[in-house]
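Comments concern the structure below.
The values are calculated or read from the model by the stated rules, or taken from the named source; none is laboratory data. Keep in mind that what you see is a predicted model, and the values were worked out from it rather than measured. Note that we place each Cβ from the backbone using ideal geometry, even for glycine, and neighbour counts take in every protein chain shown. In case anyone asks, the SASA skips ligands and DNA or RNA and just uses the protein heavy atoms, side chains included. Shrake-Rupley method; radii C 1.70, N 1.55, O 1.52, S 1.80 Å.
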Amino acid sequence: MSNIKISVAKGDGIGPEIMDAVLNIFNAANVKLDYEYIDMGKSIYDKGFSTGMTDEAKVSVEGNGILFKGPMETPKGGGVKSINVTARKTWSTYANRRHFQSLPGVDTVFSKAGIPIDITIVRENIEGTYGGIEHMNTHDVAICRRIISRPGSAQVIRFAFEMARKEGFKKVTCAHKANIMKLTDGLFLETFQEIAKEYPEINSNDIIVDDLAMKLVARPQEFQVVVLTNLQGDIMSDLCAGLVGGLGFAPSANIGDNISIFEAVHGTAPDITGKLLANPTSLLLSGLMMLRYIGFVKEAALIENALRYTLEQGVHTADFGDRALAPSNTNEFAEAIIKNLGKQPEFSKPREAVDGVELFTKTENKHYQKMMVTPLHTEQKIVGVDFFVESDLPASEMAKLIEPKLASSQKLIMISNRGTMVWPTGSAFTECVDHYRVRIEGTSSQVEIFALLSAISADMYIPSHEVLRMYGSKPGYSLAQGQ
């Protein structure tokens, strides 16, 4: 296989130390990679680059299609966005894959109980609350929009099933909160159920995410692949890291159709920077995911077996392992793995080199953003509007101000506060803030809606509104609690 060029960003803090250690292992294993080093992270923010990356770095990643990166720090305050999230979203790496497996020499509650763990979390990586679309609607109320799209859900769910098929997993679970967020998580679950039909050989099921959290710490061996929305996936990923020893043993891949990112997900550890105390295992495991993704399956198996053998021999860094044995520093740990290349683990199953599982295709030249739109197979029509009002009046007084401004076809249906209906019925014990949702039905066009909002805004401040639409017989909006 000819050399493949990848972009490498060493990162901040301990990043350069662990990246050098990992690349030394790759070189010793004769992995045919060419490294194009790029500048990203806190030092680039400090130079005035608001995105945390130079223009040259962007060109490099978009040309090579693969970014291998160490941990990076985002400066605190100043409204600066996370470089990690920015990179994932900018390059549409829609599927975050994290593989959690028991490792020899890494003691956990489950390893001591003889329960092996092998769980893959596939997290949607672009949408959800991580869109970061937030507004102060009043001085007391902040709003975050949670965006779940059908095409975005389909991308990550299909990736989960394709990965399961290619790598021999027999079960894919969708975790969600569709019992509460019936439209957003409901759309994610509905998409999962439709795509699951295309993979009849794979057992598919779903689970409420809080039930998943309980079962992961009680019976983790029941799960193989779990696919989730963004925030829920982020939380469950860290929970699973705790099952196998912590973030120091948690590899991460961010997969897109054109660009993919492989990274360590732990912090930059500034307290030990420069002391060669850092554990490179997480970044090494992420690198092995990268090697398999681009086709170096034999080299990946060679290195992973050497890692497992090394761990079985009790070699460890200061953050884990047998305290009766002196810890190795970062470089010594890497050198031990290099020395053991070609050896097979004795107490755990060796990793086999399985051909044909790589997913990587060279990035295309792009001149415009790709639009992802699913066909609409039903009639859609406007039936009303929800508008949000800043007010400290009781809901009954607001209703008296609003109703005289309505056209004969329009009707005030309900008023809610923090999602709970407080008019026309409700409880005097429902505590309210200065942010109401008002639902009007009986409008059939945006022109009517804007005329209504204009009339009402003469008496009260309207920070935002949402058009109510029906899709066939299905409402595109939720009811209030108590409605």
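Points to keep in mind about this one:
- Residues satisfying the stated conditions in the stretch 319-349, i.e. of a type in the set (A, V, I, L, M), open to solvent by 50 Å² or more (accessible area, probe 1.4 Å) and without any contact (Cβ under 8 Å) to a residue 60 or more places away in the chain: A324, L325, A326
- Of the residues making up the stretch 302-318, those that are surrounded by 19 or more Cβ atoms within 10 Å (Cβ to Cβ) and not in a loop (DSSP other than H, G, I, E, B) number 10.
- Filter pass, N279 being assigned to a loop (DSSP other than H, G, I, E, B), touching a helix residue (DSSP H, G or I) at 6+ places or on another chain (Cβ under 9 Å) and crowded, with 18+ Cβ neighbours inside 10 Å: yes
- Complete set of residues in the stretch 423-436 that are open to solvent by 30 Å² or more (accessible area, probe 1.4 Å), closer than 16 Å to V389 by Cα and without any contact (Cβ under 8 Å) to a residue 60 or more places away in the chain: W423, C432
- Some residue of the stretch 261-269 being open to solvent by 40 Å² or more (accessible area, probe 1.4 Å) and modelled with pLDDT under 95: yes
- Candidates S391, S454 - the one that is open to solvent by 50 Å² or more (accessible area, probe 1.4 Å) and more than 17 Å from Y477 (Cα to Cα): S454
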